[in-house]
Amino acid sequence: MLRGNGEWIWRPLTNPAQLRFNSYQDAPPRGFGLLQRDRNVDHYQNDGMFYEHRPSVWVEPKSDCGKGAVQLIEIPTADETFDNN
């Protein structure tokens with residue numbers, strides 16, 4: 001998330017043991033999204049999930065959207081086949 005004051009908030013996704021909900025408030029946010037930052041296949045050592053090819057999404061409001069929050073919900077999964085990405 002890129003906050004209105006220029007501060008970046010980065011947080012890795014996890015596979016939590018139970019449902020996890022986070023809310024990041026700002027007035028107004030400049031942008032937010034889910035980003036696959038590392039594209040080096042050698043860092044994953046996984047030939048089936050192709051993490052290095054996963055898409056990213058970034059949203060930037062076209063105008064001042066005012067005060068609000070970006071909400072992140074992480075859902076527990078049995079294994080990486082059903083992950084949160």
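The values are calculated or read from the model by the stated rules, or taken from the named source; none is laboratory data. Computed from a predicted model, the values in this text were never measured in an experiment. No Cβ is skipped: glycine too gets one built from the backbone with ideal geometry, and neighbour counts run over all protein chains shown.
Things worth noting here:
- Within the chain, strands (runs of 3 or more DSSP E) holding 2 or more residues that are hydrophobic (A, V, I, L, M, F, W, C): 32-34, 57-59, 68-74
- Within the range 1-30, considering residues that are of a type in the set (Phe, Trp, Tyr) and loosely packed, with under 13 Cβ neighbours inside 10 Å, the one nearest to LEU72 (Cα to Cα): PHE21
- Residue that is modelled with the highest pLDDT, among those in the range 28-73 that are under 15 Å from TRP10 (Cβ atoms) and among the charged types (D, E, K, R): ARG30
- Cβ-Cβ under 6 Å pairs, at least 6 apart or on other chains, the range 24-39 side within 19 Å of CYS65 (Cβ to Cβ) and in contact (Cβ under 8 Å) with a residue 40 or more places away in the chain, far side exposed (fewer than 13 other Cβ atoms within 10 Å of the Cβ) and of a type in the set (Asp, Glu): PRO28/ASP64
- Restricting the range 31-51 to residues that are touching a helix residue (DSSP H, G or I) at 6+ places or on another chain (Cβ under 8 Å) and closer than 30 Å to ASN5 by Cα, the residue that is surrounded by the most Cβ atoms within 10 Å (Cβ to Cβ): GLN36
- Pair list, Cβ under 7 Å, 6 or more apart: the range 52-72 residue within 16 Å of GLY33 (Cα to Cα) and touching a residue at least 24 places away in the same chain (Cβ under 8 Å), other residue of a type in the set (Ser, Thr, Tyr) and not in a loop (DSSP other than H, G, I, E, B): ALA69/SER23; ALA69/TYR24; VAL70/TYR24; GLN71/SER23
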